[in-house]
């Protein structure tokens with residue numbers, strides 16, 4: 001146990017400078033482009049899902065939460081909202097960068113998420129407005145003013161430092177738990193839980209991804225990097241990983257049946273695309 005604790009702490013400590021530099025870059029990007037990107041989403045019209053999928057993949061503080069508040073105020077459509085949810089994935093990018101994953105692999109993962117997000121958003125929009133003939137309520141802009149914030153107003157350096165410390169804490173706890181589990185039952189046995197029965201890996205990973213906490217994206221990304229889950233399961237979990245966006249949706253949007261339908265659709269799309277990736281033998 002002492003060896004596992006020491007190894008986990010040392011491995012995590014090696015990531016600290018890379019995590020901090022990554023978050024520093026992300027905070028700089030957020031402070032300089034965040035408001036402009038949100039404005040582009042609001043004015044996208046019928047192209048909302050396309051812009052949602054493209055811009056959602058850019059690492060920004062609380063973008064899924066902002067999208068939820070915009071949807072609650074009927075500023076963006078349900079297709080655009082789902083495109084943003086599917087495109088964004090909380091702490092995946094910092095973990096991949098800090099673990100020195102090849103740039104080509106990171107670009108491939110992000111590219112697949114964007115393509116899936118755009119296609120899914122357009123499909124949902126077509127089904128919702130074209131086939132079901134549903135129409136959103138009129139804009140209620142005062143709801144947008146209640147938007148949740150993730151306290152990114154502390155300045156670039158301090159905010160990056162806070163993010164780094166918080167994620168390091170999650171990485172340490174999750175890595176420690178995984179190392180203990182692997183030490184007890186073995187990596188092969190743990191991997192068989194996700195790959196032994198078709199669909200199970202994607203279903204479980206997507207459930208974990210729905211947890212509105214950055215720890216879920218850390219778990220999924222770490223399991224994939226450790227070779228425990230497949231590319232399909234990893235993608236299923238990360239596609240549905242909208243962070244606190246789902247919590248903000250339920251807080252601001254009073255149509256709870258609609259909220260449940262959105263989350264159900266998000267989960268179904270994540271599992272579906274994860275299975276497609278798995279069946280096609282796609283790797284990153």
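The values are calculated or read from the model by the stated rules, or taken from the named source; none is laboratory data. Values in this document were obtained by computation on a predicted structure and should not be read as measured data. Reconstructed Cβ throughout: ideal geometry from the backbone, glycine too, with neighbour counts over all protein chains shown.
Annotation note: Cβ proximity below 9 Å between a residue of segment 82-104 that is at positive phi and surrounded by 24 or more Cβ atoms within 10 Å (Cβ to Cβ) and a residue that is at pLDDT below 90 and outside any helix (DSSP H, G or I) (sequence gap 6+ or interchain) occurs for 90/213; 90/241; 90/242; 90/243; 90/244. So residue 249 passes all but one of these: (1) buried (at least 20 other Cβ atoms within 10 Å of the Cβ); (2) within 21 Å of residue 96 (Cα to Cα); (3) modelled with pLDDT of 85 or more. Which condition number does it fail? The number of the failed condition is (2).
With respect to the numbered conditions (1) at pLDDT 80 or above; (2) surrounded by 21 or more Cβ atoms within 10 Å (Cβ to Cβ), which one is the sole condition not fulfilled by residue 65? So residue 65 meets the others, but not (1). Among the residues in segment 61-82, are any within 25 Å of residue 156 (Cβ to Cβ) and part of a loop (DSSP other than H, G, I, E, B)? The answer is yes, given that some residue of segment 61-82 is within 25 Å of residue 156 (Cβ to Cβ) and part of a loop (DSSP other than H, G, I, E, B).
Within the bounds of segment 188-202, is there any residue that is out of contact with any helix residue (DSSP H, G or I) (no Cβ under 7 Å at 6 or more places or on another chain) and modelled with pLDDT of 90 or more? Within segment 188-202, none of the residues are out of contact with any helix residue (DSSP H, G or I) (no Cβ under 7 Å at 6 or more places or on another chain) and modelled with pLDDT of 90 or more. Look at (1) closer than 20 Å to residue 234 by Cβ; (2) modelled with pLDDT of 75 or more; (3) part of a helix (DSSP H, G or I) and you find that residue 101 fails only one, number (3).
Here is a yes/no grid of residues against (1) part of a helix (DSSP H, G or I); (2) modelled with pLDDT of 70 or more; (3) over 21 Å from the mean Cα position of the chain (by Cα):
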| residue | (1), (2), (3) |
| --- | --- |
| 6 | yes, yes, yes |
| 12 | yes, no, yes |
| 23 | yes, no, no |
| 26 | yes, no, no |
| 34 | yes, no, no |
| 46 | yes, no, yes |
| 85 | yes, yes, no |
